[in-house]
Structures are given as C-alpha cells and as structure tokens.
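The values are calculated or read from the model by the stated rules, or taken from the named source; none is laboratory data. The shown structure was predicted, so the numbers you read here are calculated from the model rather than taken from an experiment. In this analysis, Cβ positions are derived from the backbone assuming ideal geometry, glycine residues included, and neighbour counts consider all displayed protein chains. Note: accessible area is taken over every heavy atom of the protein model, side chains too, but ligands, DNA and RNA are not part of it. Shrake-Rupley method; radii C 1.70, N 1.55, O 1.52, S 1.80 Å.
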Amino acid sequence: MQNLLEIKDLNVEYYKGGQAIPAVRGVDLAVKPGEIIGLVGESGCGKSSIALSIMRLIPPKQGKIISGQILFAGRDIVKFSEDECRDYRGNKIGMVFQEAFSSLNPVFKVGDQIKEAIKLHNPDLGQEECRQRSIDALRLVNIPQPKERYGSYPHQLSGGMQQRAMLAMALACHPQLLIADEPTTALDVTIQSQILDLLVKFKSELTMSILMITHNLAIVSQIADTVAIMYAGQIVELASREKIFNNPLHPYTIGLLNSVPDIATRKERLVQITGQIPDPGNLPDGCPFDPRCPEALTACKDAGPLMVEIEEQHFVRCFKQINVTQG
Amino acid sequence: MIMADLLEVKNLTKYYPVEKGVFKQSVGTVKAIDGVDFSIAVKETLGLVGESGCGKTTCGRLIANLLPPTGGQVLFDDEDIYSLRGKHLTAFRKKVQVLFQDPFSSLDPRQSIYDIITEPIRIHRLHNKKDTRTKVEELLGLVGLPNDIVNGYPHQLSGGQRQRIGLARILSLNPRLIIADEPVSSLDISIQAQIINLFKDLQQKYDLSYLFISHDLGVVKHIAHRIAVMYRGKIMELADSEELFARPFHPYTKMLIQSIPSIRTRKNAVLAGLEKDELPVPVKGCAFYARCAKAEDRCREMVPILEPKGEKHFVCCWNPE
C-alpha cells in the first residue's frame, strides 16, 4: 500500500542565544492510509517538532527545517508556498493540541469556529450548508445535543467537551491525516478512554491515518498499529505495537517500559533509567543514550549507531543489537 | 509494620458559598469536602485518588491547616490541629509539609537554590550558618543531587531536579507527614520512576507518612499502602492497595480502573456514561447516582455511608458487589 505521509531524513533546528539547537535529527517515518502511528518520547525529544514540521507551523524566528522531505500524497510539504500550506492545513491534515481551552477562541461560539474552518476551505458552500456540516461534525465526536451545543462558548464546555469540539474542528474538512499532540494528557482517565475510543472509530469508519504524539506508553499500546520511540531528536526504535511491547530491543525502550507504574502489575521498586536526557545543545559524540545506557559498549562512545532492520519490520538504532544479529 | 495512627480525619467538611449579584447574596453552597473520615498511620502512605474537581487537593490543604474547615476534626498526634495556636501551630507546621505538583511555579525564580533549601531552616531558626551548610550538603545527598547545584537558580534545573529540590527543602525540617499533591504528574516517565523510588527510600529511612494525592491510579498503586477513592467530596471506597485493585466494590472504582490504559493488556471496553461536568449536582441521594450503571431508586433518595465490606475494606454504596 502506498504511504500517505513519508518523512525522509528530516532535520529541524531551533535558535537559542545565537546557537543552533538540533531538535529533530534525521528522522524517517512513513504513515500508511488508515494507520495509527504512536510517536512516543519524553519532553524535549523532538516529537512535537515533527508535528509542527508536517503542519509547517514552526515559527520562522525560532527555528526551521534544515533539510529533508515531507511527502504527503507524493508532494513535498517542505517546498510548499505559504498559500499551498494554508490549503493543506486543516483541509488535508488536521491537528489537535494538548490544551483544548487555549486552542479555542473564547469570544466565538464553538459552532461558528468550526464553521469558519469549513467555509475557509469550501468557499462555494452556502452559510446554511456550512452550519449543517459543523453540526454534523459535532455529532460525529459524540457531543450530545449538537444543535444546542453549536451556540455554546468554549468556557461553557467541560474539558472533555472542549477536546471533542477541537476534534470536530479538525475533522470538519475530512482530513486524510490527523495529528494528535497529547490530546488526552489534560483529561481525566474516564474521559481519556472515551476520546481514545473516538480516535479508533475515526480510523476505521473514515479510513483516516492518525499520528498520535504522546509520552504515555499505555495509550499507545491501546490504539496504535505502529510505534516509534524517540530519544534526543532521533527515532531509536520503530516497529509494530506487538513487537515494541512484547519484544523491545533498544535499551531505552526497555527502560521506559520498565519504569511505567502500570496498573496490571505492582513492583516494590520501579526499575528506573538513571540520569537525565542530554542537553540538546551539547549532545554526546556517540550514541545520545550512551551515558544512561546499562548495556553501553565502547563503540557507543565514538559514533552514533544507524537505524538497522534487526528483524522484519523492526528497526533499532543500537550497536548492541547490531552486534547480536551479526553474531 | 504499620504502627499507630499519626493522623486522624473525622467527619471533615468544607463548603464554599455560591454568591450572586453585586451584594454577593449567598444562593447555595458547593460541598467541596462532604464528611470525610480516614486515618494515616506512622510510616504509611495513603493514596487519595479521584478525577479533577473531586476535592482531593482541598482535602490536602485542610489537613495541612492551610484552609479552615466548615466542620469536623483533624487529629495529629491526638491533638486537634484547628485549635493549635502560637508555638504549637509553628511546631505543627514543621511536622506536616506539603509538596506541590508544579515544580516550576512552586520554587521562587529569584532565589538561589541554596536560599530556597535553607529558607525553612532560617524561618524555624534550626541551625547556625556553618551547620546550615553541612545540613544542605546532607539534604542534597539524600535527594541525589550534586553539591555544586546550590549556586544555581531554578530555571537552570529540569522538572525532576526541581522536584528533588522541593523534597530537600521539606526534609530540612524533619517532617513526619508529607502531603504530596500530584508530585510526579508533570514529570517524564523515566524521571517519574526515579522520584517514586526516592519517596519510598525516604519513607524507610525517616519513618515518614505520606498523603499521596494523584489522579493516576497506576502511580498510586505502586506507592500507596492504602487507597481512598474520592468522588464529589466524598470517599467512595477505601482499602489496601492490592485489595482495591483485586476486588473493587464501588461502581466508580471499577469505572476508574477500567478506564486506565495498561501497557500489558489491550482493552476494547467502551465506557458508557456522561462526563461529570455535564451532570447536575444531586440534591439528595448518592453523589454518583447519575453516572452509575447500577443505580436504583433508593440511590436517588438516600445517601449511602462508608461501611465495612470485608477486612479493612470500606465502601460507600447501596449496591456493592
């Protein structure tokens, strides 16, 4: 099946105090139609920068895409003019952010905000038709009484309802790809599970692809088909959900899985990854995980490993795994 | 291992008036905490869980004596904390400390790390200048931070390091109870595990008791000996940690446990039920009535009370199973 989105060797930098800080370092990632990809990593690993790159939303004064391609249905987003970007954003690719309340405009009715997005991308549609389509979008995300809710202001909705309204806005133009950046982090667990169910429903009913960005491994294990683990601007492991959770190979992935306080188990002591993530402005020469890695080899100090397919469709960036497979 | 009760909460209530209009006429009350009873033993961790707005933070603030209650009692070492005055109150404030969720806004950005850690020592006049320096080194060692960090400022530190500074500052007073309000919620997973382990080590070393407030049942399961589940200002279920997950009785506890995604098993349970903010506050009857799948007529009419159901297991429900 042809890939809907293909990121090739993406590099993103931010500027801080006259210095260029690498945020994304040579990321390759492909999203198939109707696939949910979970992009997991800790804060500062570059996962949100990838999302912003796809949307071409990196503020020009703060950073830029240095090199690489982002192919969406065969066309390179990186080379788009501002007009072309506007046509794609919200129309072909929708996005929802972590904090729904700060993403919604407090002085407009939620329904009108959704209508605005529809009208912008479909200038030929009449007012009444746009209104009808935004009510349909509200119904799609299971907001009760969508006709009445159309006239609500954001502050009149609960956190979960606001996030639903954001989803409705992102879905109103039937995008082929939805980028969800920590969409449930600010929500209670009961509401979180409802939103996750919604995302799975969109995937199967609308054959939409979803790029799910989160720090929560449990969420990814619930809904993702493919999982990419990021560390210090690189993808360090990429495989199907089953392989990542049943047979993790990168020491960072193993460490992460062990440090999750999971409700299915109880340990007297959580296994912890020692140390902290490296300063992105001062990365080690070798593998960025080397200073924290329990299984580091001497080779890890000198050069960063490349991404290698260890078994079928299971990619790992780790010297130890490369040595194991090569005997 | 669990010893005598350190803290006892008896029928604690906190109501806030709802005011309307220019004359602030009282038109009703919000029952933030509505008749809560529990106790915490020496060297015990009690986990307090619930969704946002259920009153768990208010409960922590009441116990720290940072808010006056509407009614009820809190006994610490058999003394009613709300009747403490003068030096007795100061002594209480030393023994009970609070650690907040957001390590970014709870440390003063203009103070150096040294000043932040030593502020409680200065206020309570515990050590002279020379001893203070040794004490700070000792505290930093305890929380696993290097000594040279003291000359820096909070903005130079990561979230995990800030939370460690918060702990070091608290430990300078040798407290007996630490009220930790979502202390690991804003931290990354690998750092979260480090801090949870640190909490456990410190408890062993200093016989500390914790009231561990969190919305994350997974975290609470790993740190708490007993867990209290709160809903709309009331405790719905209280049991040993293992017991609560193995045999939850209250429909709300079951709903919470089912909602938490696990990395071990994939669920396809779709939860019915409305969001709590969309529901009217019940005037009488069970607080959970409108969301409950097993609600009966008497649930609407009569308020259930927290009753024993099995050994050390308490449930507030008319229809537990």
Inset, instruction - Return the whole-Å distance between the Cα centroid of segment A:97-154 and the Cα centroid of segment B:47-100. - result: 45 Å
Inset, instruction - Kindly rank B:32-43, A:99-110, A:175-186 from highest to lowest mean number of other beta carbons found within 10 Å of each residue. - result: A:175-186, B:32-43, A:99-110
Legend entry - Cα-based equivalent ellipsoid of segment A:190-260: semi-axis lengths in Å, sorted from largest, via gyration tensor: 23, 13, 11
Inset, instruction - Any chance you could give the angle, 0 to 90 degrees and rounded to 10, that helix B:86-95 forms with the longest Cα principal axis of chain B? - result: 90 degrees
Legend entry - Counted charge near A:Asp181, where neighbours are those whose Cβ lies closer than 13 Å (Asp, Glu -1; Lys, Arg +1): -1
Inset, instruction - Using a 1.4 Å probe on the heavy atoms of the protein chains only, list every residue of segment A:261-300 that has 50 Å² or more less accessible area in the complete assembly than in its chain alone. - result: A:Pro261, A:Asp262, A:Ile263, A:Arg266, A:Arg269, A:Leu270, A:Gln272, A:Gln276
Inset, instruction - Enter the Cα centre distance for the pair segment A:16-79 and segment B:166-203, rounded to the nearest angstrom. - result: 35 Å
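Which of rounded, prolate or oblate describes segment B:181-228 when judged by the alpha-carbon gyration tensor and an a/c cut-off of 1.5?
Working: a/c = 1.94, a/b = 1.18, b/c = 1.65.
It comes out oblate by the Cα gyration axes.
Which of rounded, prolate or oblate describes segment A:1-86 when judged by the alpha-carbon gyration tensor and an a/c cut-off of 1.5? Before the final figure, lay out each step's value.
Numbers: a/c = 2.16, a/b = 1.38, b/c = 1.57.
Because a/c hits 1.5 or more and a/b fails to exceed b/c, segment A:1-86 counts as oblate.
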Inset, instruction - Just name one of B:Leu107, B:Leu48, A:Ile135: the one whose Cα is farthest towards the positive end of the charge dipole of the protein assembly as shown (beta-carbon charges, Lys/Arg +1, Asp/Glu -1). - result: B:Leu107
Inset, instruction - Sum up the charges of everything whose Cβ sits under 10 Å from the Cβ of A:Arg269, counting Lys and Arg as +1 and Asp and Glu as -1, but leave A:Arg269 out. - result: 0
Legend entry - Largest-first principal axis extents, alpha carbons of segment A:71-110, Å: 37, 20, 13
Inset, instruction - List, in order, the whole-Hz ³J(HN,Hα) value for each residue of segment A:9-18 obtained from phi through the Karplus relation with A = 6.51, B = -1.76, C = 1.60 and θ = phi - 60°; use x for Gly and Pro. - result: 6, 6, 10, 10, 10, 10, 9, 9, x, x
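May I have the count of lysine pairs in segment B:108-266 with C-alpha atoms under 22 Å apart, counting pairs 8 or more residues apart or located on different chains? If you can, show how the numbers build up before the last one.
Values: B:Lys135/B:Lys200; B:Lys135/B:Lys205; B:Lys200/B:Lys221; B:Lys205/B:Lys221; B:Lys221/B:Lys234; B:Lys221/B:Lys254; B:Lys234/B:Lys254.
The number of close lysine pairs in segment B:108-266 is 7.
Across the residues of B:51-59, average count of Cβ atoms on other protein chains within 10 Å? Present the calculation step by step, with values, prior to reporting the outcome.
Numbers: counts 5, 6, 3, 1, 0, 0, 0, 0, 0.
For this peptide, the per-residue mean of nearby foreign Cβ atoms is 2.
Could you work out what % of the accessible surface of segment B:151-233 is carbon and sulfur, using a 1.4 angstrom probe and leaving DNA, RNA and ligands out of the count?
Numbers: 860 of 2080 Å².
Solvent-exposed carbon and sulfur of segment B:151-233 make up 41 percent of the total.
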Legend entry - chain A - share of DSSP beta bridges that are antiparallel (%, nearest 5): 60 percent
Inset, instruction - Taking only protein heavy atoms into account and a 1.4 Å probe, give the accessible area per residue of segment A:135-208 in Å². - result: 34 Å²
Inset, instruction - Distance between Cα centroids, segment B:222-255 to segment A:182-220: provide it in whole Å. - result: 26 Å
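For peptide B:183-190, compute the average count of partner chain beta-carbon atoms within 10 Å of each residue's beta-carbon.
On the way: counts 0, 1, 1, 1, 3, 11, 16, 16.
Partner-chain Cβ atoms within 10 Å, mean over residues of B:183-190: 6.
Tally Lys and Arg at +1 and Asp and Glu at -1 over the other residues with C-beta under 13 Å from the C-beta of A:Thr325: what net charge comes out?
Values: positive: A:Lys320; negative: A:Glu309, A:Glu311, A:Glu312.
Counting the neighbours of A:Thr325, the net charge comes to -2.
For A:His174 and A:Asp76, what does the FRET efficiency come to when R0 = 25 Å and r is the distance between their Cβ atoms, rounded to the nearest 0.05? Provide the component values of the computation, followed by the final result.
On the way: r = 23 Å, r/R0 = 0.91.
So, using R0 = 25 Å, E works out to roughly 0.65.
Once you order the gyration tensor axes a ≥ b ≥ c over the Cα atoms, which shape class does the protein assembly as shown get: rounded for a/c under 1.5, otherwise prolate or oblate by comparing a/b with b/c? Could the numbers behind the result be given before it?
Numbers: a/c = 1.74, a/b = 1.21, b/c = 1.44.
Oblate, because a/c is 1.5 or more while a/b does not exceed b/c.
Hey, with R₀ at 45 Å, roughly what FRET efficiency would A:Gln127 and B:Val30 work out to, going by the Cβ-Cβ distance, to 0.05?
Numbers: r = 41 Å, r/R0 = 0.91.
Computed FRET efficiency for A:Gln127 and B:Val30 comes out at 0.65.
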Inset, instruction - Using a 10 Å cut-off on Cβ to Cβ distances, tally the other chain neighbours for every residue of B:209-220 and report the average as a whole number. - result: 2
Inset, instruction - Run the accessible area of segment A:256-311 with a 1.4 Å probe and give the carbon-and-sulfur part as a rounded percent. - result: 53 percent
Legend entry - Listed residues A:Val260, A:Val308, A:Val78, most fluctuating in chain A (Gaussian network, C-alpha, under 10 Å): A:Val260
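Any idea of the total accessible area buried by the B-A contact, 1.4 Å probe, rounded to 100 Å²?
Heavy-atom accessible area buried at this interface is about 4200 Å².
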Legend entry - Area accessible to solvent at B:Tyr153, 1.4 Å probe radius, in Å²: 90 Å²
